[in-house]
Amino acid sequence: MRPTAEAVRDVWMTHLRGTLQDAQVLDLFAGSGALGLEALSRGAASADFVENGPSSLHALKSNVTSLRVRDRCRIFKRDAIPFVEALSAGAYDIAFADPPYGSRKLNRVLDRWHEMRFSRILCLEHAPDHEIGPGGSTLRFGETVVTIFGVSRARRRKGSQS
C-alpha cells in the first residue's frame, strides 16, 4: 500500500474545487480511503470505495467509522476492474483511481472511461513514466503524477473560473 501524500491530496482537491460540492465520488483501489474521505471533507455528498486487499479494507472501514461518515459511504470488496466495467455512463461525478504504480489496471480504467464515461471527471494517480495519453490536465509532485480528465468542462458547467 502506497498512500497518497497529504500535500498531494491537498493540491489535488484544491484543483477540483467547485466540482466537489454535492458530488457522488468513486474511489477505486481505495486503500485506506484517503482520496474519497478527503473529497467528503470538502463537500462531496457521498463516496463509494472499491478495495479488495484485506489490510486495506480493515484500514478503510476503521477510517470511515472513526470519521463518522458511514451514512455517506459504501464499501465494495471487489476488484476495481470488473467494478468499473459494470458501470453505466454518468454513474458518478468524480472517480479517483490510484492502482499500484506500473500496473496496467490504470490504462484499463482510462480505456473504460473513454468507452463509457462512468464519471464526469476521472482522476488518475501514477508514476511519472506511466504513459497516459493526451487529453488530461497534469499535476506533478516529484515521483507522483496526477492526471485529470474532464475537469475543464465540469468547471464551466458549475460556473467556476480558475
Neighbour counts of other C-beta atoms within 10 Å: give me Y92, Y101 arranged from fewest to most. Y101, Y92
Which of [x] 88; [y] 103; [z] 174 is the computed volume of the Cα convex hull per residue in Å³ for the structure on display? [y]
If the chain between R68 and A91 were fully extended at 0.36 nm per residue, the gain over the current Cα-Cα distance would be 5.8 nm
If neighbour count is taken as other Cβ atoms inside 10 Å, put T147, T14 in order from fewest to most. T14, T147
Ranked highest first by average number of other Cβ atoms within 10 Å, how do 49-55, 7-13 line up? 49-55, 7-13
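Return R108, R74 ranked ascending by Cβ neighbour count within 10 Å, so the fewest neighbours appear first.
Ascending Cβ contact count within 10 Å gives the list R74, R108.
No value in this document is a laboratory result; all are computed from the given coordinates. Nothing here was measured: the structure is a model prediction, and the numbers come from that model. Glycine gets a Cβ as well: all are built from the backbone with ideal geometry, and neighbour counts include every protein chain shown.
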